[in-house]
Amino acid sequence: MIEKNQNYEVEITDMGYEGEGIAKINGYTTFIKGAIKGEKVKIKILKANKDYGFAKLIELLNKSESREEPICPQFGQCGGCSLQHMNYDSQLLYKLEMVKNTLKKSLGYEPEISNITGMGIPSHYRNKAQYPVIDNKIGFYADRSHRLVENKECYIQNELTDKLAKDAFEIIKKHGITTYDEKSGKGTLRHIVTRIGINTGEYMLTIVTNDKNIKNKDAIISDLTKLYPDITSIIQNINKEDTNVILGDECITLYGKDYIVDRLGDYKFKISPLSFYQVNPTQTEVLYNIAKKYADLTGEETVFDLYSGIGTISIFISDKAKKVYGVEVVKPAVKDAIENAEMNEVRNVEFIAGETEKVVPEMYKKGTKADVVFVDPPRKGCDEKLLQTIIEIKAKKVVYVSCNPATLARDLKTLTENNYEIKNIELVDMFPQTKHVETIALLKMK
Ligand code: SAH
């Protein structure tokens, strides 16, 4: 029987969804963080459940050719980059395998994935960072926990705003602002959030606080703008709730503009603090161009862009469509989308605030259908009711953009069982060094 604290020598035969190695000990599945497929390793069992267990890597007996020394000293502790111990080509292969296996389990066969587009330089690509602050320290959360891993320098964040966050934290601390404590609900500062338009250089700092009043506000802003005279925007966000959600509903502009602007392709986009915007704009352009190519619009089509955020896909494809309807639940994002259409002088798009699963059936009842539907849902995937409406509408094409292979697999199963066939699937690595991957699929009505 496998028990805690036992040591074994095993061969890693597979890898899991978290980037961990998997070995079988007489058929017993064991997950080993930091081990790579093909390696022989010595492990110590940390936890033994009935059917599977977790073990610690103690010694590498033979090393995979994929192995690389992680750049970040916090690798293995921080919950962010779980693949930094693998070279970039191997990371891409890992993601390809993972998506293939996930889709195969759900569809019953292995669909062909035509390509994965990696990044030229897979570092410092993120335009947004959310830093928790706990016990007068700033960093990131450890994997699946609210334990803080202190961070001096992050390898995947934009360098300017990574430094800004740490400087801002020191300034705020210096002026006597305390960090929030989740257990007692005491203390003021909860998170520091940064965002930058990588293609415009505009950047924003958001200070998330437990209270509207923060002492020495003017002195803090003065110190911040002295150090960062070209900062575009400083926002205070108020979050009084006992919650894991980082941002509250209320934003106060403390300095500069209420938003920043970024550019993607030929278009400019206004981004407010509460709106979603893809975190890797370089790869987002690649993704949107694939989406546009998949849709292959002629200018005659009515298009739905569902989960439209600040209207990026709608606007990006608008020159090839007759009419685009974007649907998004976050109201400030819809406001951004409407203003983005105006700013780019795009007149054939319309944005509707609400949940796709409610809005789209209502639109259909009133006679509005789409020839082509784009969906780009959050991790939980598309609501069943939305999928059923897409099927009823008989949209000729569905372009599915997904950040979660598991829910994509589930939704592709529904669509392929209801008169749609998969024509193409490819991956875009929007999140190098991490376990995450973006998949894009083209479906056509049979
Ligand atoms: N297509 C956009 C945004 C994709 S992220 C882009 O590429 O930038 C997913 C978006 O779905 C987020 O903006 C989120 O606010 C929104 N969302 C989440 N659940 C929703 C729902 N049920 N109905 C409509 N929008 C939803």
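The values are calculated or read from the model by the stated rules, or taken from the named source; none is laboratory data. Values in this document were obtained by computation on a predicted structure and should not be read as measured data. Cβ: placed from backbone, ideal geometry, glycine included. Neighbour counts: every protein chain shown. Accessible surface is based on the protein model in full, side chains and every heavy atom, while ligands, DNA and RNA are left aside. Shrake-Rupley method; radii C 1.70, N 1.55, O 1.52, S 1.80 Å.
Residue-by-condition table, conditions (1) in contact with a Gly (Cβ under 8 Å, 6 or more places away or on another chain); (2) open to solvent by 10 Å² or more (accessible area, probe 1.4 Å); (3) at pLDDT 95 or above; (4) under 23 Å from SER114 (Cβ atoms):
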residue: ASP376; (1), (2), (3), (4): yes, yes, yes, yes
residue: ARG379; (1), (2), (3), (4): no, yes, yes, no
residue: THR407; (1), (2), (3), (4): yes, yes, yes, yes
residue: THR414; (1), (2), (3), (4): no, yes, yes, yes
residue: ASN418; (1), (2), (3), (4): no, yes, yes, no
residue: LYS423; (1), (2), (3), (4): no, yes, yes, yes
residue: LYS435; (1), (2), (3), (4): yes, yes, yes, yes
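Within the option set ILE440, ILE425, ILE393, being more than 16 Å from the ligand (Cβ to nearest atom), of a type in the set (Val, Ile, Thr) and closer than 30 Å to SER82 by Cα holds for one residue only, ILE425.
Looking at THR439, is it hydroxyl-bearing (Ser, Thr, Tyr), under 30 Å from TYR88 (Cβ atoms), within 16 Å of the chain's Cα centre (by Cα) and not in a strand (DSSP E or B)?
Details: hydroxyl-bearing (Ser, Thr, Tyr): yes; under 30 Å from TYR88 (Cβ atoms): yes; within 16 Å of the chain's Cα centre (by Cα): yes; not in a strand (DSSP E or B): no.
No.
Scanning region 252-298 for residues that are among the acidic types (Asp, Glu) and within 14 Å of the ligand (Cβ to nearest atom) yields ASP262, GLU285.
Listed by position, the strands (runs of 3 or more DSSP E) inside region 212-294 whose residues that are among the aromatic types (Phe, Trp, Tyr) and over 18 Å from the mean Cα position of the chain (by Cα) number at least 1 are 250-256, 267-271. Of the numbered conditions (1) touching a strand residue (DSSP E or B) at 6+ places or on another chain (Cβ under 8 Å); (2) at pLDDT 95 or above; (3) open to solvent by 20 Å² or more (accessible area, probe 1.4 Å), ALA165 satisfies every one except a single condition; which is it? Checking ALA165 against (1) touching a strand residue (DSSP E or B) at 6+ places or on another chain (Cβ under 8 Å); (2) at pLDDT 95 or above; (3) open to solvent by 20 Å² or more (accessible area, probe 1.4 Å), the one that fails is (3). Hey, any hits in region 375-387 for a residue that's within 11 Å of the ligand (Cβ to nearest atom) and on the phi > 0 side of the Ramachandran plot? Yes, that holds for at least one residue. Just one of the listed residues (GLY76, GLY108) is among the small types (Gly, Ala, Ser), open to solvent by 30 Å² or more (accessible area, probe 1.4 Å) and closer than 30 Å to ALA129 by Cα, namely GLY76.
Per-residue answers, yes or no, for (1) assigned to a loop (DSSP other than H, G, I, E, B); (2) in contact (Cβ under 8 Å) with a residue 60 or more places away in the chain; (3) open to solvent by 30 Å² or more (accessible area, probe 1.4 Å); (4) touching a Pro at 6+ places or on another chain (Cβ under 9 Å):
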| residue | (1), (2), (3), (4) |
| --- | --- |
| LEU83 | yes, yes, no, yes |
| GLN91 | no, yes, no, yes |
| ILE116 | no, yes, yes, no |
| MET119 | yes, yes, no, yes |
| TYR131 | no, yes, no, no |
| TYR141 | no, yes, yes, yes |
| VAL149 | no, yes, no, no |
| CYS154 | yes, yes, no, no |
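Residues satisfying the criterion are absent from region 283-305 (criterion: of a type in the set (A, V, I, L, M) and within 30 Å of VAL133 (Cα to Cα)).
The residues of region 171-207 that are hydrophobic (A, V, I, L, M, F, W, C), assigned to a helix (DSSP H, G or I) and closer than 13 Å to VAL133 by Cα amount to a single one, ILE172. Within region 26-71, the residues that satisfy the criterion of being of a type in the set (D, E, K, R), open to solvent by 70 Å² or more (accessible area, probe 1.4 Å), more than 15 Å from MET1 (Cα to Cα) and not in a strand (DSSP E or B) are LYS33, LYS37, LYS63, GLU65, GLU68, GLU69. Candidates GLU355, GLU362, GLU339, GLU301: the one that is open to solvent by 60 Å² or more (accessible area, probe 1.4 Å) and more than 8 Å from the ligand (Cβ to nearest atom) is GLU362.
The set of residues in region 323-336 that are out of contact with any strand residue (DSSP E or B) (no Cβ under 6 Å at 6 or more places or on another chain) and more than 9 Å from the ligand (Cβ to nearest atom) comprises PRO332, LYS335.
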